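Visitor: Have a look at this one.
Only the coordinates and a few stated rules stand behind these numbers; no lab work does. As the structure is a prediction and not an experimental result, all values here were calculated from the model. Backbone-built Cβ (ideal geometry, glycine too); neighbour counts: all protein chains shown.
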Amino acid sequence: MDQLFILLVILCALGSGAIGGVFFAFSNFVMPALARLAPAEGVHAMQAINVTVLNRLFLGTFMGTGLLSIAAIIVALLRWDGLGSLCAVLGGATYVLGSILVTMRGNVPLNNALMRITQADALGEATWRGYVRDWTRWNHVRTIACFVAMALFIVAAVLQSAKPIPPQSIADCIDLESGNPVPCN
């Protein structure tokens, strides 16, 4: 069970890191580059991104990491083992709340509003400028949450894998009556 839990936590760390990397790229250079474009070009480019991102690989990793995070929370609570379990619970909660919930409540409504822009008039330009500002702020939150979740999952995995193996008694390996070695339990 410990090895499976460690594998689960490692998968959560990898998924959180991968999604955090995508969000970091958007915060660091994609959105600043789009903001430098003329509003009509920026709107059209982001509309295309918002359609393209809805693919199996990204959504599978994004939502799959959320499902794995929930599983890690449940397993950690059921087999509570101190600090490692606490880190797994906090990592899972951080990913689900800071990545998935922020996406659903912050970024997706902004994306939906942007998709309704059909021409880059004055209203479209004002919407675009507000979109870039607000979307990027929410994206910073998602980025930080993913990397914090990744760090917590790594700590949980290290703590779980660093558990000492319980010592065996010499009596478990030697038949006390004959003195002959026997398989240790």
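Visitor: Name the residues of segment 1-34 whose amide N is less than 17 Å from a point 7 angstrom out from the Cα of THR52 along the C-beta direction?
Guide: Backbone N within reach: 22-34.
Visitor: On a 0 to 90° scale, report how tilted helix 56-78 is relative to the longest principal axis of the chain, with both axes built from alpha carbons and the result rounded to the nearest 10.
Guide: Roughly 40 degrees between the two axes.
Visitor: Can you work out D for segment 13-114 in µm² s⁻¹ from Stokes-Einstein, where Rh is the Kirkwood radius over C-alpha pairs, the temperature is 4 °C and the viscosity is 1.567 mPa s?
Guide: Working: Rh = 15.2 Å.
The Stokes-Einstein estimate is 85 µm²/s.
Visitor: I want to verify the translational diffusion coefficient of the chain in µm²/s; compute it with Stokes-Einstein, Rh as the Kirkwood radius over Cα pairs, at 4 °C and 1.567 mPa s. Spell out each step's value before the answer.
Guide: Values: Rh = 18.9 Å.
Estimated diffusion coefficient is 69 µm²/s.
Visitor: Would you compute, from DSSP H runs of 4+ residues alone, the mean residue ellipticity of the chain at 222 nm, taking -39500 (n - 2.57) per run and dividing by the full residue count, rounded to the nearest 500? Walk me through the numbers before you get to the answer.
Guide: Working: 7 runs with 127 residues, N = 185.
Per the formula, -23500 deg cm²/dmol.
Visitor: Further, regarding this structure: Could you grab the relative contact order for segment 2-163? Cα pairs under 8 Å, six or more apart, rounded to a whole percent.
Guide: On the way: 186 pairs, mean separation 69.6, N = 162.
After rounding, I find 43 percent.
Visitor: Compute the long axis of helix 83-95 from its Cα atoms, compare it with the longest principal axis of the Cα atoms of the chain, and write down the angle in degrees, 0 to 90, nearest 10.
Guide: Its long axis makes an angle of about 20 degrees.
Visitor: A further question on this structure: Can you tell which of LEU101, MET46, PRO183 lies farthest toward the positive end of the dipole of the chain, using +1 and -1 charges on the Cβ of basic and acidic side chains (Lys, Arg; Asp, Glu)?
Guide: Among LEU101, MET46, PRO183, the one farthest towards the positive end of the dipole of the chain is MET46.
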